[in-house]
Amino acid sequence: MERLSELQPIFIDTLPENAALEPGKIYISRKHNVAKLLCPDGCGTVSVLDFGREGWKLTESDGKIMIHPSILETACPNRAHYYVTFNRIQWL
């Protein structure tokens, strides 16, 4: 699979099991303040983002999301590094 350029936010209460994750979707639990996704690099690495006090910041506007700071996939063989801005992936 090639690198993705966009993520579709899916808002749910409980995050799905890893086997149920779909490429190009980011599953966000407002209840638990966390998100889970497959690495958009296409390597298959599962990422969990903590939106707690010292984690990433999630901003929502009109169904679009922004995540800051950048996401560095250290478990990804290619060390994918990117921002998510209005659902678009900006590769670094």
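The values are calculated or read from the model by the stated rules, or taken from the named source; none is laboratory data. What you see is a predicted model; the values in this text were computed from it and never measured. In this analysis, Cβ positions are derived from the backbone assuming ideal geometry, glycine residues included, and neighbour counts consider all displayed protein chains.
Return a yes/no flag: does the stretch 36-46 have any residue that is more than 21 Å from Leu92 (Cα to Cα) and not in a loop (DSSP other than H, G, I, E, B).
Among the residues of the stretch 36-46, not one is more than 21 Å from Leu92 (Cα to Cα) and not in a loop (DSSP other than H, G, I, E, B), which makes the answer no.
Condition first: in a strand (DSSP E or B) and either among the hydrophobic types (A, V, I, L, M, F, W, C) or modelled with pLDDT under 95 (or both). Now tell me which residues in the stretch 16-30 satisfy that.
Within the stretch 16-30, Ile26, Ile28 meet the criteria.
Out of (1) out of contact with any strand residue (DSSP E or B) (no Cβ under 9 Å at 6 or more places or on another chain); (2) not in a loop (DSSP other than H, G, I, E, B), the odd one out for Ser70 is which?
(1)
Among the acidic types (Asp, Glu) and more than 13 Å from the chain's Cα centre (by Cα): which single residue out of Glu6, Glu60 fits that description?
After ruling out the rest, the residue left standing is Glu60.
Just to verify a result, which residue in the stretch 1-15, among those that are under 15 Å from Gly44 (Cα atoms) and exposed (fewer than 14 other Cβ atoms within 10 Å of the Cβ), is modelled with the lowest pLDDT?
So the residue we want is Met1.
Just the residues that are modelled with pLDDT of 95 or more and hydroxyl-bearing (Ser, Thr, Tyr), please, taken from the stretch 35-73.
Once the filter is applied, which keeps residues that are modelled with pLDDT of 95 or more and hydroxyl-bearing (Ser, Thr, Tyr), the stretch 35-73 yields Thr45, Ser47, Thr59, Ser70.
Quick check: anything in the stretch 5-15 in contact with an Asp or Glu (Cβ under 9 Å, 6 or more places away or on another chain), in a loop (DSSP other than H, G, I, E, B) and not polar (S, T, N, Q)?
The answer is no, given that none of the residues of the stretch 5-15 is in contact with an Asp or Glu (Cβ under 9 Å, 6 or more places away or on another chain), in a loop (DSSP other than H, G, I, E, B) and not polar (S, T, N, Q).
Taking the stretch 35-60 on its own, how many of its residues are charged (D, E, K, R) and either in contact with a helix residue (DSSP H, G or I) (Cβ under 7 Å, 6 or more places away or on another chain) or crowded, with 19+ Cβ neighbours inside 10 Å (or both)?
Within the stretch 35-60, residues that are charged (D, E, K, R) and either in contact with a helix residue (DSSP H, G or I) (Cβ under 7 Å, 6 or more places away or on another chain) or crowded, with 19+ Cβ neighbours inside 10 Å (or both) number 2.
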